[in-house]
1. Could you tell me which residue of the range 249-291 is nearest to Pro119 (Cα to Cα), considering only residues that are touching a residue at least 60 places away in the same chain (Cβ under 8 Å) and hydroxyl-bearing (Ser, Thr, Tyr)?
2. Going through the range 138-160 one residue at a time, which ones are exposed (fewer than 15 other Cβ atoms within 10 Å of the Cβ) and either among the aliphatic types (A, V, I, L, M) or not in a helix (DSSP H, G or I) (or both)?
3. Can you tell me which of Val117, Val126 is in contact with a Pro (Cβ under 6 Å, 6 or more places away or on another chain), in contact (Cβ under 8 Å) with a residue 60 or more places away in the chain and of a type in the set (Val, Ile, Thr)?
4. Would it be correct to say that Val97 is β-branched (Val, Ile, Thr), assigned by TED's automatic domain parsing to the domain that holds Arg313 and not in a helix (DSSP H, G or I)?
5. Pick from Val244, Val258, Val283, Val267: which is part of a loop (DSSP other than H, G, I, E, B) and surrounded by 17 or more Cβ atoms within 10 Å (Cβ to Cβ)?
6. Filter the range 52-87 for residues that are modelled with pLDDT under 95, assigned to a loop (DSSP other than H, G, I, E, B) and not hydrophobic (A, V, I, L, M, F, W, C) and give the result.
7. Among the residues of the range 299-326 satisfying the criterion of being more than 16 Å from the chain's Cα centre (by Cα) and of a type in the set (A, V, I, L, M, F, W, C), which is farthest from Pro256 (Cα to Cα)?
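The values are calculated or read from the model by the stated rules, or taken from the named source; none is laboratory data. Since this is a predicted model, take the numbers as computed values, not measurements. Heads up, the Cβs are rebuilt from the backbone with ideal geometry, glycines too, and the neighbour counts pull from every protein chain shown.
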Amino acid sequence: MSLTWIARRLAIGLAVLPLVAGAQAWPARPVNWVVPYPAGGPADVIARAIAPRMARELGQPVLVENLGGVGGALAAQKVLNAPADGYTVLQGSPNEVILAPLARAAVKLRLEDFVLVSPATNNPLVLLTRKALAADDLEAFAALARSSAAQPLTYGSVGVGSMFHLAAEDLAARMDAKVMHVPYSGGAPLIQDLGGANLDFALMPFTTGYLGLAETGRLKILAVASKQRLAQMKSVPTFAESRVAADYEAGAWAGPMVRKGTPEAVVERLHKALQASLADPQVRTTLEASGSQVSERMSLAEAARFLAAEAERYRTLARRIGVRPE
């Protein structure tokens, strides 16, 4: 063994040491958690429930930043423009990284540019209708939708190509009904129009705020698209309990994502911190009180397979209903 060979190996080892030390020291400064929607909404509630516990796990502040616009793609692009070092995290969902590029010509980001740390929450979709709609259960709703071809029922979503747009079209196809899409700039004006009887129905992720609107007679909740009834509204049936689209399940999941190329050790650290945070009883209570369900634990490999399967599912559905970039 020559002295030259030993010197060469020593040089390589010394070059690697700073990288290893850097990964072990991460994070050395605050982590920016980017939420692609305004403060006060369901996505913001999720972030602010998780961030303080993540900060304890990481030993650095986790700062929540709300950056809405372009169907959530503005926030996603900010993460891609930042260094791949784990300090800028996107609270991502299918809306921003899968569907926005399919529906908006100006959005150039690619799903393959992101790594999903793990799904954190899931909010099953609920079928909401205006109070005066002549349907008090799923069977009556389906019958009304099928008989209204001349003047289709109107439904709202947060934009063309959004998961709520696709979910409603999917349900209409299963019911063999024609419906009319009315896109909105966000969930708040949609719910306002639904409560004001200017819209017939919507499929939206469950939040406990809908319970108060139903109790005060501003809207009706006809069904939930989950396997089981929700604890917060046990009187509302699932689609599976009816003869209408009995296999229909839909939900809005969200989870932290980082830019592709982020060091594996950093992604693993984020994953470990997230799982510890989601196991915290206080975090779970806060999330569940708002209507979110904590996602099942996944490894990084399982999260990657989950994201790929979700992408294929939504892309297939988008092709089926004819979503095109605008």
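1. Filtering the range 249-291 for residues that are touching a residue at least 60 places away in the same chain (Cβ under 8 Å) and hydroxyl-bearing (Ser, Thr, Tyr), the one nearest to Pro119 (Cα to Cα) comes out as Ser277.
2. Just the residues of the range 138-160 that are exposed (fewer than 15 other Cβ atoms within 10 Å of the Cβ), to begin with: 139-140, 146-147, 149-151.
Listed by number, the residues that qualify are Ala140, Ser147, Ala149, Ala150, Gln151.
3. Values: Val126 fails: in contact with a Pro (Cβ under 6 Å, 6 or more places away or on another chain).
Val117 is the lone residue from the list that is in contact with a Pro (Cβ under 6 Å, 6 or more places away or on another chain), in contact (Cβ under 8 Å) with a residue 60 or more places away in the chain and of a type in the set (Val, Ile, Thr).
4. no
5. One residue alone meets the criteria, Val244.
6. Matches in the range 52-87: Gly68, Gly69.
7. Ile321
Residues checked against (1) farther than 30 Å from Ala25 by Cα; (2) in contact with a helix residue (DSSP H, G or I) (Cβ under 8 Å, 6 or more places away or on another chain):
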residue	(1), (2)
Thr216	yes, no
Ile221	yes, yes
Gln228	yes, no
Met233	yes, yes
Val236	yes, no
Gly261	no, no
Ser277	no, yes
Thr286	yes, yes
